[in-house]
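Asks: Encoded as structure tokens, here's the structure I'll be asking about.
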Amino acid sequence: MDDVDTTAPTATTVLRVTDAALSKITDLIAAEDDPDTLGLRVAVSGSNGGDYTYDLSFEAFGEVPDDEVVYSQGALTVMVPADSVDALRGATLDLPTTAGQGGLVIRNPNRPDPLAGITLDLTGTIAEKVTQLLEQQVNPALAAHGGFAALQGVTEDNKVVVTMGGGCQGCAVSAMTLREGIERAILENVPEVTGVIDGTDHDAGENPFYTSDTASSPYS
């Protein structure tokens, strides 16, 4: 695995760049017109299932808006729009580890909230509301990874038991997805729920879907 660029990150560093990616990007910039004026702009362009999608471009760093975060990673100037900072915080830009795969890869520990900006009209009992939430908003996002979440029951003290199946069963990140994503969505949208219990048998999954590489680059 490539070492991360040895230049110490500053307080403004958002997305880190490995030495291998840094070398490739600087070579590409060198082939552009006025390379001394260009940096790499990385923005979150949207989401696809449980992952963000990205837009990478070479831009003149002297013309960026005042609210963009601009910092140096080695000899490279990196620019991140203000509305992409939180989603990219702690991510790493690298080359793919798969032989023969071109482009660049962003390894991002952050995941989009499938319910962001959505107002749900949930009705009925706790079980009915949670089921509506899972079917309408959560499972369409999990479907991109071949998985799904299902309500197994409601306890006497209004805790809900949720299991994850399909590609999520046995997946290395499914427990985190349940804890950080689905649990938050349930508690925020169904306030009668007092807690969420993970009822998944994570050891039973035979073919879990998981990739830490999210490729998104116009450069190959």
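The values are calculated or read from the model by the stated rules, or taken from the named source; none is laboratory data. Since the structure is predicted, the reported quantities are computational estimates derived from the model, not experimental observations. Virtual Cβ from ideal backbone geometry, glycine too; neighbours counted across all protein chains shown.
Asks: Only one of D34, D2 is out of contact with any Gly (no Cβ under 9 Å at 6 or more places or on another chain), surrounded by fewer than 16 Cβ atoms within 10 Å (Cβ to Cβ) and modelled with pLDDT under 90. Can you tell me which?
Replies: D2
Asks: Hey, does segment 17-32 have a residue that's free of Cβ contacts under 8 Å to residues at least 24 places away in the same chain, closer than 15 Å to V105 by Cα and of a type in the set (S, T, N, Q)?
Replies: yes
Asks: Further question on the same structure: Looking only at residues in segment 72-106 that are at pLDDT 90 or above and of a type in the set (S, T, Y), which one is nearest to T37 (Cα to Cα)?
Replies: T77
Asks: Which members of segment 35-51 meet the condition of being out of contact with any Ser or Thr (no Cβ under 8 Å at 6 or more places or on another chain), outside any strand (DSSP E or B) and in contact (Cβ under 8 Å) with a residue 12 or more places away in the chain?
Replies: Of everything in segment 35-51, those that are out of contact with any Ser or Thr (no Cβ under 8 Å at 6 or more places or on another chain), outside any strand (DSSP E or B) and in contact (Cβ under 8 Å) with a residue 12 or more places away in the chain turn out to be T37, G49.
Asks: Filter segment 128-154 down to the residues that are buried (at least 21 other Cβ atoms within 10 Å of the Cβ) and small (G, A, S), then identify the one that is modelled with the lowest pLDDT.
Replies: Filtering first and then ranking leaves A141.
Asks: Report, by residue number, each residue of segment 5-31 that is over 15 Å from T92 (Cα atoms) and at pLDDT 75 or above.
Replies: The answer is T26, D27, L28, I29, A30, A31.
Asks: Test G165 against the criterion of being surrounded by 15 or more Cβ atoms within 10 Å (Cβ to Cβ), in contact with a strand residue (DSSP E or B) (Cβ under 6 Å, 6 or more places away or on another chain) and modelled with pLDDT under 80, and give yes or no.
Replies: yes
Asks: List every residue pair whose Cβ atoms sit under 7 Å apart, with the two residues 6 or more apart in sequence or on different chains, where the first one lies in segment 129-140 and is within 21 Å of T194 (Cβ to Cβ) and the second, anywhere, is among the small types (G, A, S) and assigned to a helix (DSSP H, G or I).
Replies: Between residues of segment 129-140 that are within 21 Å of T194 (Cβ to Cβ) and residues that are among the small types (G, A, S) and assigned to a helix (DSSP H, G or I), the close pairs are L133/A185; V138/A185.
Asks: Shifting gears a bit: Only one of S57, S72, S84 is touching a residue at least 40 places away in the same chain (Cβ under 8 Å) and outside any strand (DSSP E or B); which?
Replies: On the way: S57 fails: outside any strand (DSSP E or B); S72 fails: outside any strand (DSSP E or B).
Unique residue meeting the criteria: S84.
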